[in-house]
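One structure below.
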Amino acid sequence: MTNFQVKTYDEYQQAYKRSIEDPEGFWSEIASTFTWRKKWNTTLEWNFEEPNVKWFKGGKLNITENCLDRHLKTRGNKLALIWEPNDPKERFVRYTYRELHEKVCQFANVLKKNGAKKGDRICIYMPMIPELAFAVLACARIGAIHSVVFAGFSAVSMADRINDAQCSMVLTSDGLNRGTKQIPVKRVVDEALESCSSVEKVIVVERLGWAVNMEEGRDVWYHDEVKDVSKDCPAEEMDAEDMLFILYTSGSTGKPKGVVHTCGGYMVYAQYSFSNVFQYEESDIYWCTADIGWITGHTYLLYGPLLSGATTLLFEGVPTYPDMGRFWQVCDKFGVTIFYTAPTAIRSLMGGDIDDVLSYSLDSLKVLGSVGEPINEEAWHWYHTHVGKERCPVVDTWWQTETGGIMISSLANVTPIKPAHAAFPLPGIQPILVDSEGKEITDNEVEGYLCMKFPWPGMIRTTYGDHERCRLSYFSTYKGLYFTGDGAKRDQNGLYRIIGRVDDVINVSGHRFGTAEIEEAINHNVHVIESAVVGYPHDVKGQGIYAFVICKDRPENDEWLRAEIIETVVEKIGKIAKPDKIQIVSGLPKTRSGKIMRRILRKVAEGDVSNLGDTSTLLDPAVVDEIVEGSLSKAKV
Ligand code: PRX
């Protein structure tokens, strides 16, 4: 589908100009190419004060009719989904659009049979198996709001998210495969549900064939439930501004927030951005390596490609199993043409033997993408040279859970590309840089805080159950603007380069964590009095987690204490948030008003202790010497 796909730089410039001069006309033409049960009355209603943003008000649709049903006539026998398992010896599975439609309808009927209905919140905690895709789309089909929780989060994290959204159902599996490991997923769900009274039903998909605990009256096996349901399920009619999903993400305060996206605008933006950034063509085999538990998996593994009628690949495994050539082997196996991954994966593979890449042809590849964190030039060049053979453009796509889709990125073979630069905004996107007072910086060759001054269809509408939090987090720092939390540079030609977060959010392997969230977890450990967490540059993860911890009664063996603290973080958040370094300290650098001077801790964590700036305003300047000394010794992991 090439609807409104710009093909040349000139067309991009024209589309961009039009999108600024007449945003409503621009988006309304694009939206008209979708299937609506009823056309909208108003294209856009907005203010960034409350905030109140409504796109396509009054329009009625179901996103799955656009992902599936509308393709059946022309693409019924085209492959929609290819599933490649963790173990290369296990057989892959493919689904045509017709088959995927049936699977989604069946799953939707299982949901209905178990009492799910429009407006219910359903938590999905599943590995990267086809049923995860069916489950997400099945929720959308019946108008239930999906809240996918990445299966690497702990029981406590899952429970927090379930309780926040008051989910009535959990969709999960017995276990999961990850490289050489098998993980008991259902056991984590059972533990979470001990503190979740809203959940009435748990539907369990069999992946490992394990005998798991099934609670009478609450838990059912998917394979039993699906036996006698129909392969057809009429799609629920949704309002354009009805919620489609909630996805939790970390901010600078302790509790993750439920970012809410709605049906109409998200649909239009997911498809438009997918088609334009990757310059998708009908015959492409597209692979996004992100987990569906993150926004990238939502928008660019599932919705964007399916809305475009594309063939999308779902991979259960990891880049390093059974060896470092796994990604490239899969690319050759299926003739992948568009490949979208994260810098952290590239950096970890760069560390391997170059033959792990060079022994695959990678002839089919046309376009490469990067997402989730700034891509350093070295990784960009390695990716471009060894994977893309200098033939494939690398698009560095900047966006966020809150933006719903890619905001600033080169369009493959269409707009200029510069290593480590996200480059230009997509048509319809109006970024600006502001200074600390919120004043727009209009020149080029500048640096500032990245904001958006006009709404776009895929943007966040609210944070679930707490609209004020949405306002405070994104719309209150700079009046009349959406603030991204990122700092950025604009070069002499107007190309953007994202520097990274300017708030207390750390980006570890492309995953966001609030420092406060990790501190809160660490502080749960009985030995801990207080902690302060900062990010520091990490060769593979982008940023690593460095924790400074004050303990009550320091045991003789610091190693043991560190292991305990790590265990607490794993229990409260998950393995993905494990601190890389823990330094036990007797105090933290605080101002007289009690505020932790993170600037100093960041410098120490970076190993740059030569110039710590002015420490005279500290309550106890001597504490800094001790911290510096400790950081230089082996007194940390
Ligand atoms: O700091 C930016 C960084 O990731 C943050 C968004 O994280 P999340 O909501 O988890 O979404 C990740 C996937 C879209 C941003 O605020 N980020 C994302 N992409 C890039 C990036 N930083 C630099 N370059 C990128 N291409």
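A short reminder: the numbers here are calculations on the coordinates, not readings from a lab. All values derive from a computational prediction rather than experimental measurement. Reconstructed Cβ throughout: ideal geometry from the backbone, glycine too, with neighbour counts over all protein chains shown.
Please report Rg (one decimal) and Dmax (integer) in Å for the Cα set of the range 263-316.
10.3, 30
Let me know the volume per residue of the alpha-carbon convex hull for the range 133-175, in Å³.
Per residue, the Cα convex hull of the range 133-175 comes to 78 Å³.
With each pseudo-label sitting 7 Å past Cα toward Cβ, what's the residue 7-residue 632 distance in nm, one decimal?
Here the answer is 6.4 nm between the modelled labels.
Quick check of the Kirkwood formula: for the chain, what is the inverse mean of 1/r over all pairs of different Cα atoms, in Å?
Details: mean 1/r = 0.0395 Å⁻¹.
Result for the chain, one decimal place: 25.3 Å.
So between residue 24 and residue 581, what do we pick up on full extension, going 0.36 nm a residue minus the alpha carbon distance? Don't skip to the answer; put the middle values down first.
Values: separation 557, 0.36 × 557 = 200.52 nm, distance 4.99 nm.
Contour length minus Cα-Cα distance gives 195.5 nm.
For the range 595-605, what does the Karplus curve 6.51 cos²θ - 1.76 cosθ + 1.60, with θ = phi - 60°, yield as ³J(HN,Hα) per residue in whole Hz, taken in order and with x for Gly and Pro?
7, 6, 7, 5, 3, 5, 5, 4, 4, 4, 5
How much of the DSSP beta bridge set in the chain is antiparallel, as a percent to the nearest 5? Could you put the intermediate results ahead of the total?
Values: 62 of 103 bridges.
So the antiparallel bridges amount to about 60 percent of the total.
Using +1 on the beta carbon of Lys and Arg, -1 on that of Asp and Glu, and nothing else charged, what's the dipole of the range 95-236 about the Cα centre, debye to 20? Write out the running numbers ahead of the final one.
Working: 18 positive and 20 negative charges, 81 e Å.
Dipole magnitude for the range 95-236 comes out near 380 debye.
Karplus couplings for the range 44-55 from phi (6.51 cos²θ - 1.76 cosθ + 1.60, θ = phi - 60°), rounded to Hz, Gly and Pro as x?
Running phi through 6.51 cos²θ - 1.76 cosθ + 1.60 with θ = phi - 60° gives 8, 9, 7, 8, 9, 7, 5, x, 9, 10, 10, 10 Hz.
Given the pairs 201/575; 54/186; 186/578; 201/581, which span a C-alpha to C-alpha distance of over 29 angstrom in this model? Numbers along the way, then the final one.
Values: 201/575 27 Å; 54/186 38 Å; 186/578 22 Å; 201/581 40 Å.
Beyond 29 Å: 54/186; 201/581.
Send over the Kirkwood Rh of the range 174-249, from the inverse of the averaged 1/r over different Cα pairs, rounded to one decimal Å.
Details: mean 1/r = 0.0652 Å⁻¹.
So the Kirkwood estimate lands at 15.3 Å.
Based on the alpha-carbon set only, what is the convex hull volume of the range 95-236 divided per residue, in Å³?
Convex hull volume per residue, Cα atoms: 101 Å³.
Go through the cysteines of the chain and tell me which have no other cysteine Cβ under 4.7 Å away.
Lone cysteines by the Cβ rule: 67, 139, 196, 263, 288, 331, 392, 451, 470, 551.
May I ask for the net charge around residue 324, where only other residues with Cβ less than 11 Å from the Cβ of residue 324 are counted and Lys, Arg are +1 while Asp, Glu are -1? Kindly include the intermediate steps, with their values, before the conclusion.
Values: positive: 326; negative: 323, 353, 355, 356.
Around residue 324, the charge tally is -3.
How long are the semi-axes of the equivalent ellipsoid of the range 435-507, defined as square roots of 5 times the Cα gyration tensor eigenvalues? Whole Å, largest first. Show your work: numbers first, answer last.
Values: eigenvalues 112, 35, 28 Å².
Over the Cα atoms of the range 435-507, the ellipsoid semi-axes are 24, 13, 12 Å.
Roughly what % antiparallel, to the nearest 5, for the DSSP beta bridges in the range 95-236? Don't skip to the end; give the middle numbers.
On the way: 3 of 19 bridges.
Close to 15 percent.
Mind ordering 617-627, 128-138, 55-65 by average Cβ neighbours within 10 Å, highest first?
128-138, 55-65, 617-627
Just to be sure I follow the rule: in the range 377-519, considering lysines 8 or more places apart or on different chains, how many pairs have Cα atoms under 26 Å apart?
Lysine pairs, 8 or more places apart or on different chains, close enough: 9.
Using only Cα atoms, figure out Rg for the range 519-590 and give it as a multiple of 2.2 N^0.38 Å. Let's see the in-between values first.
On the way: Rg = 11.7 Å, N = 72, 2.2 N^0.38 = 11.2 Å.
Normalised Rg, Cα atoms only: 1.05.
Take every Cα-Cα pair in the range 510-633 and report what % of them are more than 18 Å apart.
Roughly 50 percent, once rounded to a whole number.
Counting other Cβ atoms within 10 Å of each Cβ, which GluC sites (Glu not before Pro) in the range 401-461 have at most 14 and sit in a DSSP loop? Write out the running numbers ahead of the final one.
Numbers: sites: 402, 437, 440, 445, 447; in loops: 437, 445.
Sparse-neighbourhood loop GluC sites (Glu not before Pro): 437, 445.
So who's got an amide H within less than 5 Å of the one on residue 314, skipping anything under 5 residues away but keeping other chains? H placed 1.01 Å off N, in plane.
Those qualifying (amide H under 5 Å, at least 5 residues apart or on another chain) are 82, 83, 84.
How big is the range 54-119 on each of its three principal axes, counting only the C-alpha atoms and giving the largest first in Å?
49, 33, 23
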